[in-house]
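J.: I am attaching a structure below and will ask some questions about it afterwards.
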Amino acid sequence: MGLEEIIIERLVNILLKHKIWKANQYDSDNPSAYYYTEEELKETLIKSPLVLKRHFCENLENLLVDIINEDMYLDWTLSEAK
């Protein structure tokens, strides 16, 4: 397993723990029906940046802390699409 694969695997595990909702299919009446699966997260992270829109997880602060704690030396970029 290469370094990129290891990083993606670790990031996917964190995202799965925080139950990331699919941005285009979020439904406030039934949010659990639209969580990313492990395979969907891996495919998205390999192909392109993962675009997360409003209401993508329960607690953003905890997600960011987990990501930074996993590997604080990676170059993380947060941006807002307009």
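J.: Would you please name the residue that is modelled with the lowest pLDDT, looking only at residues in the range 1-31 that are open to solvent by 70 Å² or more (accessible area, probe 1.4 Å) and assigned to a helix (DSSP H, G or I)?
T.: The selected residue is Gln25.
J.: Since Leu63 meets every condition but one in (1) modelled with pLDDT of 85 or more; (2) out of contact with any helix residue (DSSP H, G or I) (no Cβ under 8 Å at 6 or more places or on another chain); (3) not hydroxyl-bearing (Ser, Thr, Tyr), which condition does it not meet?
T.: Against the list (1) modelled with pLDDT of 85 or more; (2) out of contact with any helix residue (DSSP H, G or I) (no Cβ under 8 Å at 6 or more places or on another chain); (3) not hydroxyl-bearing (Ser, Thr, Tyr), Leu63 comes up short only on (2).
J.: Another question, then. In the range 32-58, which residue that is exposed (fewer than 10 other Cβ atoms within 10 Å of the Cβ) and modelled with pLDDT of 80 or more is nearest to His18 (Cα to Cα)?
T.: Checked the range 32-58; the qualifying residue nearest to His18 (Cα to Cα) is Glu39.
The values are calculated or read from the model by the stated rules, or taken from the named source; none is laboratory data. Owing to the predicted nature of the structure, the values given are computational and were not obtained by experimental measurement. Cβ sites come from the backbone with ideal geometry, for glycine too, and all protein chains shown count toward neighbours. Side chains are part of the model used for accessible areas, which takes the heavy atoms of the whole protein and leaves out ligands, DNA and RNA. Shrake-Rupley method; radii C 1.70, N 1.55, O 1.52, S 1.80 Å.
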